[in-house]
Number of protein chains: 2
Amino acid sequence: MKPFGIGLLGCGTIGSGVVEVLHRQRELIRRRTGFDLRLVAVADPSPERLAGLPLDGAATHADGLEVVRRPDVDIVVELIGGVRIARQATVEALRLGKTVVTANKHLLADHGRELWAAAQQAPAGLFFEASVAGGIPLLKAVREGLVANRIRSVRGILNGTCNYILTAMQETGAAYADVLAEAQAKGYAEKEPALDVDGIDTAHKVCVLAALAFGCPATTAQLPATGISALCAEDIRWNLDWDHRIKLLGLLEREGDLLRGGVSPVVLHEDSLLAKVDGVFNAVLVEGDIVGQTLYYGRGAGRLPTASAVVSDIVDAAAFRLMPQDAWTPRWPVADDPVTLRPLTFDQGRFYARFDLPEGPALAEQAVRAALARHRVPVQALQSGGFSPGSRVGLLTGECRRKTLESVAAEVGAVAAPLLLPVRSFTSG
Amino acid sequence: MKPFGIGLLGCGTIGSGVVEVLHRQRELIRRRTGFDLRLVAVADPSPERLAGLPLDGAATHADGLEVVRRPDVDIVVELIGGVRIARQATVEALRLGKTVVTANKHLLADHGRELWAAAQQAPAGLFFEASVAGGIPLLKAVREGLVANRIRSVRGILNGTCNYILTAMQETGAAYADVLAEAQAKGYAEKEPALDVDGIDTAHKVCVLAALAFGCPATTAQLPATGISALCAEDIRWNLDWDHRIKLLGLLEREGDLLRGGVSPVVLHEDSLLAKVDGVFNAVLVEGDIVGQTLYYGRGAGRLPTASAVVSDIVDAAAFRLMPQDAWTPRWPVADDPVTLRPLTFDQGRFYARFDLPEGPALAEQAVRAALARHRVPVQALQSGGFSPGSRVGLLTGECRRKTLESVAAEVGAVAAPLLLPVRSFTSG
């Protein structure tokens, strides 16, 4: 069998993992698939990153476009990160009819339509398993394994950094800022953590999933995203006392022609499978109209888990290149039932509410209870405690409206906007 | 695009589900994949089963071989069940170069080598996603999503009937026989339940997974299988008191060149994800050397979930038929590192042990504690209770040898062989 020439753009953490996996598993993959995957060229602007890697004779370049244009490169693996250069290289590769494998959720979220149009026009293949949920073969499961299903919902823990921070807060009782600092020291969180902790990275992944699972390409501007930085130690501890956990979820929920999407911390009962997913792991619940509920769990980031997904895409890219060109099929996100994307807002339902008041706990609790009673908000659990200067009251409500809880906050003279998190249970349909 | 002609053999529960899904989702699948999947012929010896199904003009036959031999049938879907006729039809279809989709784990476990040899010789394609874990796209995940991984272990809840029974025992405190009778009345268990409750169905699935994940075709004769029929209400309740759950697991664990496989009830801490899988759901932990631990969860049986897997195989079969013949690749289980299969025995480790003694609880417990102390078996938890005529003592041990616990049973004059279940925790490597 003719070998497939692979050109790798970007040799940082993930890229070096891909080099290692291709080197270690090349023979195994050849036996399993019949494909001879040859790394022929690697590009990175920092040549010192390439030193010591098992390149197996691959040529090295400083400029990624040189690799894209090499005639011996069939499959371009884009691991540059960022948007500008990655976009240029990806579009050029697709235009040349190369098959592209990318892990770049940011690029896909911002420029997915353009890339998919370029891929269709060439025609060329575009694979992006590693862009969502790291090593978990989630996109393959949704696109191929559930091909007979209209997807009803996708809900998941898609950011390992946030899940690590929430798990550590839960286990140690520590404050958000302290846990974040520790995660940064350990390398689990970036020095500039906003992309993770503000839910933006999760929103990028939700965009990719909206396109893949619902044929509805989305941009982050269309998705409300709330991160985890407003959570305090009491939020975590009280929910733990009530057998609940807080998880940052990306959510897509379809009802008829409407698809609602967003990112938010969500309160889950401890019996929920997602509530049990701890540390840097990801897990995604996918519900189809035929199969019902399915869940996929694994490492959502990291050098080798992500490389596992990239290399499985390379194998699929090789198979794709063997298909006759007139058999080229989009396999999403190009065509599906038309749906309209709307922001997922939590206007009504059950809530975890936390009010920060200037008084001491006893008075604060009394005021909150009285206001809740006036507004007929059902209270399922309530706790209060001091913080400087004043106190906090947290509670789980029954069904009520968000606006009502905002009125309660105003009436009790809360010193800040209340924290209002949806309480959800995802039972199988 | 040329349509693909589908011939369906067997129109029972799953077959009628496949007819329904092909009818309902044909247009959706065409839009997503470009494939026009046409049901051209259906065979079932009971014509009344075909009445009322949306056959969309498909021809009906009483004899499956007639369908296999029709020139307009490209893809044969074998849902006959059983082994003899299914084997004959599958081998004939492969011999004729048709692509076969089957859900028949029993056939694959008993005659997998023969079928894979026939598929290679033709060459022809053989797809069997629905044979293990129902609607969960588990085999696709292992074979394609984790193609860059040597698999280290596969451990899972693979039989929904047993998991339903264990969950009901846990929730109601009822005895095994009562819960089984109720499951039979509800249609969750067969009138002849041995295939499920004795672990044979799970063993069939373990055989398929051994071939797929380790390139090591196995037969049930090579796998020790223990079912759930020896479990009593106390086993479930005591473990629940100790924050543990009993689950029937299929297990494959690789160490170097050795692959150990078997089926057994296993005691898991409630924090384990598998311990949280309740009712008819299945879940499978798969560990790869690159990706680490992954888990897949969903409905492991049922008409539509299984049809979801069958139809995704039909789509893959259509894609396979478009590949040039010289690009035909086995994609397992034909070739992998050679491993030798050995029975998975639990000779050493932590155990849940239950001894049935003729005395009352106080005396029995005293005798068991004394014997355990003599043999230096670490005891982590112990309970006792009456049963007629005598009493039961159950305990969780620390590390010890199975033989030691058998000696304890003999010394205390147990009236039956002790129940000894492994206590395992599957942490990520």
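The values are calculated or read from the model by the stated rules, or taken from the named source; none is laboratory data. Just so you know, these numbers come straight off a predicted model, no measurement behind them. Cβ: placed from backbone, ideal geometry, glycine included. Neighbour counts: every protein chain shown. For the accessible areas, the whole protein counts, side chains as well, though only heavy atoms, and no ligand, DNA or RNA atoms are used. Shrake-Rupley method; radii C 1.70, N 1.55, O 1.52, S 1.80 Å.
Taking the accessible area of chain A, probe 1.4 Å, and keeping the other protein chains in place, the carbon and sulfur fraction comes to 49%. Taking B:SER312, A:SER388, B:SER407 and ordering them by how much accessible surface each has at a 1.4 Å probe, largest first, produces A:SER388, B:SER407, B:SER312. For A:LEU274, neighbours were defined as the other residues whose beta-carbon sits under 14 Å from its Cβ, and their charges (Lys and Arg +1, Asp and Glu -1) total +2. Here the dipole of chain A is about 660 debye; that uses its Cα centre as origin and unit charges on the Cβ of Lys and Arg (positive) and Asp and Glu (negative). The residues packed around A:GLY390, meaning those with a beta-carbon under 9 Å from its beta-carbon, carry a net charge of -1 if Lys and Arg are +1 and Asp and Glu are -1. For B:GLU365, the solvent-accessible surface with a 1.4 Å probe is about 50 Å², rounded to the nearest 10. Along the axis of the charge dipole computed for the protein assembly as shown (Cβ charges of +1 for Lys and Arg, -1 for Asp and Glu, origin at the Cα centre), the listed residues B:TYR188, A:HIS269, A:ILE85 are led at the positive end by A:ILE85.
In chain B, the longest principal axis of the Cα atoms and the axis of helix B:84-95 are about 50 degrees apart. With all protein chains in place and ligands, DNA and RNA left out, the 1.4 Å accessible area ranks B:ASP316, B:ASP198 as B:ASP198, B:ASP316, largest first. With R₀ fixed at 30 Å, the C-beta to C-beta distance from A:LEU363 to A:ASP271 puts the FRET efficiency at about 0.25.
Our estimate of slack between A:ALA51 and A:ALA381, defined as 0.36 nm per intervening residue step minus the Cα-Cα distance, is 113.0 nm.
Placing unit charges on C-beta atoms (Lys and Arg positive, Asp and Glu negative, everything else neutral), compute the dipole magnitude of segment B:228-326 about its Cα centre in debye, rounded to 20.
Dipole about the Cα centre, nearest 20: 460 debye.
In the context of the full set of protein chains, residues of segment A:190-246 present 35 Å² of accessible surface per residue (probe radius 1.4 Å, heavy atoms only). Each Lys and Arg Cβ is given +1 and each Asp and Glu Cβ -1; about its Cα centre, the protein assembly as shown then shows a dipole of about 880 debye.
Projected label points at B:GLN184 and A:GLU66, each 7 Å from Cα along the beta carbon direction, are separated by 7.6 nanometres. Working from Cα positions, state the angle (0 to 90°, nearest 10) between the long axis of helix B:13-33 and the longest principal axis of chain B. Tilt of helix B:13-33: around 60 degrees. Against the main long axis of the alpha-carbon atoms of chain B, helix B:160-172 sits at an angle near 40°.
Round to the nearest 0.05 the FRET efficiency obtained for B:ALA370 and A:ASP243 when R0 = 41 Å and r is the Cβ-Cβ distance.
0.55
Given the options B:GLY64, B:GLY52, B:GLY262, state which has the largest fluctuation in a GNM of chain B using a 10 Å cut-off (strictly under) for Cα springs. It is B:GLY52. Accessible surface comparison of A:HIS106, B:HIS204, probe 1.4 Å, protein chains only, largest first: the order is A:HIS106, B:HIS204. Buried accessible surface for the B/A pair, both sides summed and rounded to the nearest 100, is 5300 Å² with a 1.4 Å probe. Using a probe of 1.4 Å, the accessible surface attributed to B:MET323 totals some 40 Å² when neighbouring protein chains are kept in position. Taken residue by residue and averaged, Cβ atoms of other chains lying within 10 Å of the Cβ of B:25-37 number 5. With both residues required to sit in the protein assembly as shown, DSSP beta bridges show an antiparallel share near 70%. For segment B:246-271, the residues whose amide N sits under 17 Å from a probe point set 7 Å from the Cα of B:GLU171 along the beta carbon direction are B:246-248. Springs join every pair of Cα atoms under 10 Å in this Gaussian network model of chain B, and among B:ALA416, B:ALA367, B:ALA119 the largest mean-square fluctuation is at B:ALA416. Contact order for chain B, expressed relative to its length and based on alpha carbon pairs under 8 Å spaced 6+ residues apart, stands at 16 percent.
Summing charges over neighbours of A:LEU372, with a neighbour being any other residue whose Cβ is under 11 Å away from its Cβ, gives +1 when K and R count +1 and D and E count -1.
If one computes the Cα centroid of segment B:170-235 and of segment A:366-429, what distance in Å separates the two points? The two parts, judged by their Cα centres, are 47 Å apart. Shielding value for B:51-60 is 0, the average number of Cβ atoms from other chains within 10 Å of each residue's Cβ. When each of the peptides B:152-162, B:127-137, B:70-80, A:346-356 is scored by the mean number of other C-beta atoms lying within 10 Å of its residues, the order from highest to lowest reads B:127-137, B:152-162, B:70-80, A:346-356. Mean per-residue shielding of peptide B:277-287 is 2, counting Cβ atoms of other chains within 10 Å of each Cβ.
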